[in-house]
Amino acid sequence: MVSSRTLSPGDVVDVEFTDLLANGQAVGRAGGMVVFVWGPLPGERARARVSLVKAKYAVADMVELLELSAERTQPFCSVFGICGGCQVQHLAYRSQLEWKRRMLVSALRRIGGIREARVCQALGMENPRAYRNKMALVVHQGADAATEFGFYQARSHDVVRIESCPVVRPQLDGTIGHLWAAAREPSTEPAFTGARHIVARVGRKSEQVVVSVTTDRPSPALRALAPALAGALPGVAGIANSYDPNSPNAVMGRKNVTVYGSPETEEEIGGVKFRVSAPSFFQVNSEIVGRIFEFLAPGVREHARIVDLYCGAGTFALFFAQRGAEVTGIEENSDAVREARANAERNGLTSAAFVAGRVERLVRGGPSARALASADVVFLDPPRKGSDELTLGAIAQARVPHVWYLSCNPATLARDLAQLVAAGYLLDLVQPFDMFPQTGHIEALAALRLPDVAAVDFKVA
């Protein structure tokens, strides 16, 4: 065993672990260095073989667990640790929630310099499995040139064969098996010629499935065989061909054409009806979206003026409008804006208007800037990279009384909250929501207000 303060590749070391990263790596120390290992949990001790040594850290592969944590549980997926979809199935669910809360607290302190934030208990699911309403399968040719389906392996672009997945909705799980059967049936197998990815989405309430097949170019075979393929995929209401991807690894193409049925599935959350397509900008966990609606409801009063930045397909904007608010949604993706407008019309919500364009440009001039200047609330749900200084500066300059910031990235949330706090906002609370059970991802909603404005009595966990 290595006892010196120098580690080299191939060394075998015993490591005690004290922390867990969002990517699932456990953190410990050995040979005077920080060591990262996939597999162990905090409070455990393991024997590991060093595979990589850098100036300030080493990476090792677990050889043997020597001491187990009481928080360890048995993973429920046969390819956990190989497939890159889940990172913490081996951590008991209650412990996952507390771990994610601690990650938020740490990010706020380290990155945002916010040490006294009220970070509430993470709000999770009763059954933290079978929750995803969307999946993206990789299509590839196996050793015998047969079409196979899978997910990317953890930390690589190698493909793990997947015949079922316990974290997707049951209708999607069933679709995986039906795809395997269709790829081996002579009458439908040619439909997968040239396929790169298959994206499928299901409505939690309707249970309708829509499927999109990504190819480099339009697929005549898919179009011709779409009725037969739909017949082989029970519960599938529509099939689309997505093509012209902007990079070799792009999951969706820049163009989409419906080749069978309807390209959209129906969903209903909190009394709002949605029709969403397979590539739609729509949250993957409908149950948790409903819980976020419930959390926000006390702050949404009738005739309140709300600006929804990065509004996607209008998920939250339509909820606000349903409760009587006057909403302006801003979104860069024009397809998402079209969906938002169609869903507003479907629900008879005339108080929701949607604008297509870059948020940081629109908030600095024109009608959108005027809407921001008169807003009672601004709601932000940006991508993982977070918002930007121009947008946050425009919010602060407009002195919007309430800011509700929903984020899927603790690091960028902490960075952006620091700018708003520096501009004079008070951070009332941060409520974590477990949008992605079994993974290292956490959704969090931060509620801020100006000092002379009364706090909202949110329904905290």
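Numbers at a glance
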{"read-out": "Fewest-first sequence of Val12, Val307, Val359 by Cβ atoms within 10 Å of each Cβ", "value": "Val12, Val359, Val307"}
{"read-out": "Label zone at Ser8 (point 7 Å along Cα-to-Cβ), backbone N below 15 Å, the range 42-63", "value": "50-54"}
{"read-out": "Whole-Hz ³J(HN,Hα) from phi, Karplus 6.51 cos²θ - 1.76 cosθ + 1.60, for the range 45-50, glycine and proline x", "value": "10, 9, 9, 9, 9, 5"}
{"read-out": "Over the range 134-268, relative contact order from alpha-carbon pairs under 8 Å, at least 6 apart, %", "value": "21 percent"}
{"read-out": "Mean separation of Cα contacts under 8 Å, 6 or more apart, over the residue count of the chain: relative contact order %", "value": "12 percent"}
{"read-out": "Segment Leu390-Arg72, extension gain: residue separation times 0.36 nm, minus the distance between their alpha carbons", "value": "110.1 nm"}
{"read-out": "Of the GluC sites (Glu not before Pro) in the range 115-215, those whose Cβ has at most 15 other Cβ within 10 Å and which sit in DSSP loop", "value": "Glu116, Glu126, Glu163, Glu207"}
{"read-out": "Anchor Lys54: lysines whose Cα lies under 30 Å away (excluding residues fewer than 8 positions away in-chain)", "value": "Lys100, Lys385"}
{"read-out": "The chain: antiparallel DSSP beta bridges as a percent of all, rounded to 5", "value": "65 percent"}
{"read-out": "Tyr57/Ser156 FRET efficiency (R0 22 Å; Cβ-Cβ; nearest 0.05)", "value": "0.60"}
{"read-out": "Over the range 129-237 - Rg/Rh using Cα atoms and the Kirkwood inverse-distance radius", "value": "0.95"}
{"read-out": "Theoretical ellipticity at 222 nm over the chain - DSSP helices of four or more residues, -39500 (n - 2.57) apiece, nearest 500", "value": "-7000 deg cm²/dmol"}
{"read-out": "Exposure proxy order (Cβ contacts within 10 Å, fewest to most) of Lys100, Lys56, Lys134, Lys255", "value": "Lys56, Lys255, Lys134, Lys100"}
{"read-out": "Ile269 long-range amide H proximity, modeled H, under 5 Å", "value": "Phe274"}
{"read-out": "Within the range 187-220: backbone nitrogen closer than 16 Å to the Lys255 label point (7 Å, Cα to C-beta)", "value": "213-220"}
{"read-out": "Average Cα contact separation per residue, the range 321-461, under 8 Å, 6 or more apart, as relative contact order %", "value": "18 percent"}
{"read-out": "Of the GluC sites (Glu not before Pro) in the range 252-358, those whose Cβ has at most 10 other Cβ within 10 Å and which sit in DSSP loop", "value": "Glu302"}
{"read-out": "Proximal lysines relative to Lys205, as straight alpha-carbon distance under 22 Å, when same-chain residues fewer than 8 apart are discounted", "value": "Lys134, Lys273"}
{"read-out": "Inter-centroid distance (Cα atoms) of the range 155-183 relative to the range 82-144, Å", "value": "21 Å"}
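Values in this text are rule-based calculations from the coordinates and carry no lab data. The shown structure was predicted, so the numbers you read here are calculated from the model rather than taken from an experiment. Using ideal geometry, Cβ is built from the backbone for each residue, glycine included, and neighbour counts are taken over all protein chains shown.
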